[in-house]
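Please read the structure below before turning to the comments.
Just so it is clear, none of the values below were taken in a lab; they were calculated from the coordinates. These numbers come from a predicted model, not from an experiment. Using ideal geometry, Cβ is built from the backbone for each residue, glycine included, and neighbour counts are taken over all protein chains shown.
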Amino acid sequence: MRVELQDIQKIFDQVRANDGISLVLEPGRIYGLLGENGAGKSTLMKILSGYQQPTNGTIRLDGQDTSFSSPSDALCRGIGMLYQDPLDFPALPAVENYQLAYQDNLLLDLKSGAEHLRAYGQRFGFAIDPHAYIDTLTLGERQQAELIRLLSLGAEVLILDEPTTGISAEQKEVLFNTMRHLAHDEQKIIILVSHKLEEVQQLCDEVVVLRQGKLMGTRSMPSPTSELVRLMFGGEIARAQKQLFESGRCVLKMEHVTVRSEDLTIQDISLTIREGEVLGLAGLEGSGQQVLLQACAGLLPSSAGKILLDDATVKGKHSGFYWIARLAPGVFAIVIVWLLIRLFGGHIAGLDFAGGAAISLLISGLIWLIGTILVAWTDQSPYHAFQQRGGAYVPAGRLEEGLIPGLTISEHMALAAPTHTFVVDWEQIRSQTVDRIQRYNIVGQPETLVDGLSGGNQQRAMIAFLNQPLRLLLLEHPTRGLDVTSTNWIWELFQERRREGTAIIFTSADLDELLEQSDRIAVFSGGVMSRILNAGETSVDELGHLIGGQEL
Amino acid sequence: MNDAQIIKIMASIIAQSAPLMLAVTGETITERGGVINLSLDGTMLLSAMTGFVVALQSSLMLQGMGIEGNTLPVLFGFMAAALVGMFAALLVAWGSIKLRQDQVAIGFVLTLLLANMANFLGQNYTSIPGPSVKYMPIPLLKDLPIVGPIFFNHNLAIYLTLLVVGVVWWWTYKTQPGLQLRGVGDRPESAFARGIKVNRLRYIYTAIGGALVGIGGATYSLSIKIGWSDNHILGIGWIALAIVIFGGWHPIRGAFGAILYGATKALATELQKTFPEVPVVLFNSLQWFLMLGVLLLAGSKGLQQLVDVAPKPIQRSLARSLRVAAPQALGKVFTED
């Protein structure tokens, strides 16, 4: 089957997720669809697999105009999509998962279903136990089960969305071999959606690169990494004069730090950042930049090494209550029992010795309970300590992590205030909010819910909530998804802060932004940090090589 | 206590559990599809009242026309009760699917409303005699030793209840539509991707489940405690909701749960007779402790250990039958985009 996409356009409330993309996909080839997050890859694939209808443009299968009403409609015509999290049923055994909505017979025939599943599995080199429950399978096995299902239903085009995230190296090898077999021997079209350059280079015959919803180009493989990086991130650079910070007070110092997060370990990281310095972190999504930021903020514990903020480690503190609350119940119980024996010979207020002891135990328990609540309330977490010492962390997910949907701007302001009063002084908060809204140019009222703000305004709001002054500012993709004006405006704010002496570490997928805004740049690749480059002496090419995991 | 007495008690446990079994089975398929119908208790009250009143009135009417016999009036009663149950369930489904409101809130308010409605509308029918389901021992089968008197010496409603449990189990686990029902409650987005009309299925199964709950209510007022009085069904709607969870959303296990509940109740009565000096409250609360204990056991790792020590050949089927998995999409609204 030959697939043609012509001038595909998809607009979500004024954002052009796909902007006039035209492609021809030939049978028997493996295509890589490359681009950073938000480049429009998933939108394009959702359109091709029937999940979304394009705003404009046509899809042609073997020269015939087609439109898909639903994903199952698309699969009927031979286009199947494998999601990163496969669309299967965790509560069912593999064979039932395989047979669900497979045919119209009233009665299930699990026996023949299991045979089919086994036979298909053997053909593609997958071994799935038909009776194992889906939720006991690994992600790789679930993918295999889903692939078997798609292929048995006659898929001629297979779209794989980031299939290698979270599967083992062996499973990846099996998957890639099967894909090669399907394309080169069975004349199917395979589309690998990815932002991992090495995988695309390993597997694909041809690569399609998207950036900001537009098709940047198509390249036959092999093609040099730097070329692909240039297409992905953009190339031209206007560079400002860089400062080198060798004197200045040291704000953050990391010495041989190792941090394990759920799916990635960064090892032996050492770096120093001084007052007013900006450090940019480059690398593909999930290569370790975020782990580093979270470790600095005290959100992830480091398993080795030292992180010093202004020459002291960042750690949580027990409150003054802690030892009182822990010891008081025991002391109380001992004293009362001792008193019972000593003063009253075991008799107090009509109770015998056992009754008195029981009551004193009960009261001790109560004291313990109250103490525990007080401790939980007043203890300080490492992140809390980080904030109190003048640190701030602005995560990338605005509504997921940074802001609280359902609260207004002024309610956020009240939460973000450096000191809290028991009863909130809304008058004062409101006037502060009005002030910040003006200064940060936010389109909204103090009573506007944050989820009602546009992306750019949410980003400004998050920055507006930061306290003054700051020692260290950690930013994750501070300008992702913003237009040029908002981006410039936000960077002006950051530059103002660095003149006040705030040190900044930020991550970005935009190499131009990294080169333009930072003084020094560190590149992450698969959890490994490169040597730290001076932004004035490096280039997009060099960064591209480092991002792809090649040391120069 | 002799054997005959024990068999008699067991037969009465089966009979007494019938309304609960129906309600549990109905709610099980509703929840399997991903909808929580929390209005069970109110629905059962209203359908018990409706069932009895419709049967009574239609029997009077038919007598006026010169037609004797209770079969038709009782049938009408059951049909009216099923309609009431279906209507209440559809309200919950509509509120959640169409209006996208919280299912728990709708169900809770509805249960209070329906219960009050039942007491209000039924106030002129309290404590009067009326028609009931005909006692109908099954010839031959009832003479089987032990099994016969326990299972085949009842009225038609009880046999149908047992049949419904079996059919629902067969439908859920042995047929393609049943598999789709399980899929819809587990992960609607996957079901949608395979071309299943998720919300339409949810409406259908919520309605069928509601009808079964309604029939359960009528079984109570036409076969167990015949007639109508204020708060006639004594909270078994709430118990049914608990037993659905205890039964792991499995029709047969749900039915066992209902019977176990009936058994603990019978046990409490017997124990009370044997130890008259112990306060009644203690025995009445015994069944709750038993239920709680079983619930805790079902949720603990003890079951897994039980599977591990079981002989190899039956391990898989044992694990399968003991597996408790709540429908993952339970109570969540699904929109197709």
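Under 1.5 on a/c is rounded, so check that first for segment B:3-248, then, if it is not, pick prolate when a/b is larger than b/c and oblate when it is not; a ≥ b ≥ c are the square roots of the alpha carbon gyration tensor eigenvalues.
Judged from the Cα gyration tensor, segment B:3-248 comes out oblate (a/c at least 1.5, b/c at or above a/b).
Just to check, using Stokes-Einstein with a Kirkwood Rh over alpha carbon pairs, what's the diffusion coefficient of segment B:17-69 at 20 °C and 1.002 mPa s in µm²/s?
163
Run through the DSSP bridge list for segment A:3-233 and note the antiparallel percent, rounded to the nearest 5. Please report the intermediate quantities before stating the final value.
Working: 23 of 41 bridges.
Among the beta bridges of segment A:3-233, antiparallel pairing accounts for roughly 55 percent.
Just need log10 I(q)/I(0) for segment A:3-233 at q = 0.08, 0.17 Å⁻¹, Debye formula, equal scatterers on the alpha-carbon atoms, no solvent, rounded to two decimals.
-0.29, -1.26
So for chain A, considering every pair of alpha-carbon atoms, how many percent are separated by more than 41 Å?
That tail contains 39 percent of the Cα-Cα pairs.
Sum -39500 (n - 2.57) across every DSSP H segment of at least 4 residues in chain B, then divide by the residue count to get the 222 nm mean residue ellipticity, nearest 500.
Numbers: 14 runs with 238 residues, N = 337.
After summing the helix terms and dividing by residue count, I get -23500 deg cm²/dmol.
Please compute, over every Cα-Cα pair in segment A:402-466, the percentage with a separation greater than 19 angstrom.
The answer is 20 percent, as a whole percent.
Taking the Cα centre of segment A:100-247 as origin and charging only Cβ (+1 Lys, Arg; -1 Asp, Glu), how large is the dipole, in debye to the nearest 20?
With only Lys, Arg, Asp and Glu charged at Cβ, the dipole is about 480 debye.
Below 8 Å between Cα atoms, with a sequence gap of 6+, how large is the relative contact order for segment A:402-466 in percent?
Reported as a whole number, the value is 44 percent.
What are the semi-axes of the equivalent ellipsoid of segment A:349-443, taken as the square roots of 5 times the eigenvalues of the Cα gyration tensor, listed largest first and rounded to whole Å?
Output for segment A:349-443: semi-axes of 46, 16, 12 Å.
For segment A:416-504, what relative contact order do you get, as a whole percent, if you take Cα pairs closer than 8 Å and at least 6 residues apart?
26
Could you pull out the chymotrypsin sites (Phe, Trp or Tyr not before Pro) across segment A:421-527 that fall in loop regions by DSSP (anything but H, G, I, E, B) with no more than 10 other Cβ atoms inside 10 Å?
Details: sites: A:Phe422, A:Trp426, A:Tyr440, A:Phe465, A:Trp489, A:Trp491, A:Phe494, A:Phe506, A:Phe524; in loops: A:Phe422, A:Tyr440, A:Phe465.
Qualifying residues, ordered by number: A:Phe422.
List the equivalent ellipsoid semi-axes of segment A:413-552 in whole Å, largest first, each obtained as the square root of 5λ for an eigenvalue λ of the Cα gyration tensor.
35, 16, 13
Let me confirm one metric for peptide A:111-123, namely the mean number of other chain beta-carbon atoms within 10 Å of its residues' beta-carbons.
The shielding value for this peptide is 0.
Which of B:Thr161, B:Thr219, B:Thr206 ends up with the largest GNM mean-square fluctuation for chain B, with Cα atoms connected below 10 Å?
Ranking B:Thr161, B:Thr219, B:Thr206 by mean-square fluctuation puts B:Thr161 first.
Which entries in the list A:Lys253/A:Lys317; B:Lys225/B:Lys265; B:Lys142/B:Lys174; B:Lys134/B:Lys265; A:Lys41/A:Lys172; A:Lys196/A:Lys253 go over 27 Å, if you measure between the two C-alpha atoms of each?
Working: A:Lys253/A:Lys317 21 Å; B:Lys225/B:Lys265 16 Å; B:Lys142/B:Lys174 30 Å; B:Lys134/B:Lys265 25 Å; A:Lys41/A:Lys172 21 Å; A:Lys196/A:Lys253 31 Å.
Result: B:Lys142/B:Lys174; A:Lys196/A:Lys253 exceed 27 Å.
Work out the length of the dipole vector of the protein assembly as shown about its Cα centre, built from +1 on the beta-carbon of each Lys and Arg and -1 on the beta-carbon of each Asp and Glu, and round it to the nearest 20 debye.
On the way: 68 positive and 81 negative charges, 445 e Å.
The calculation lands at about 2140 debye.
Okay, helix-only estimate at 222 nm for chain A: each DSSP H run of n ≥ 4 adds -39500 (n - 2.57), divide by all residues, round to 500 deg cm²/dmol; what do you get? Walk me through the numbers before you get to the answer.
On the way: 18 runs with 209 residues, N = 552.
When only DSSP H runs of four or more count, the value is -11500 deg cm²/dmol.
Residue-wise, which Karplus ³J(HN,Hα) couplings in Hz belong to segment A:318-334, taking 6.51 cos²θ - 1.76 cosθ + 1.60, θ = phi - 60°, and x for glycine or proline?
7, 7, x, 5, 3, 6, 4, 5, 6, 8, 3, x, x, 4, 4, 4, 4
Which of the GluC sites (Glu not before Pro) found in segment B:1-101 are loop residues per DSSP with 11 or fewer other Cβ atoms within 10 Å of their Cβ?
Here the sparse-neighbourhood loop sites are B:Glu68.
Given N residues in segment A:152-199, what is its alpha carbon radius of gyration divided by 2.2 N^0.38 Å?
Dividing the Cα radius of gyration by 2.2 N^0.38 Å gives 1.16.
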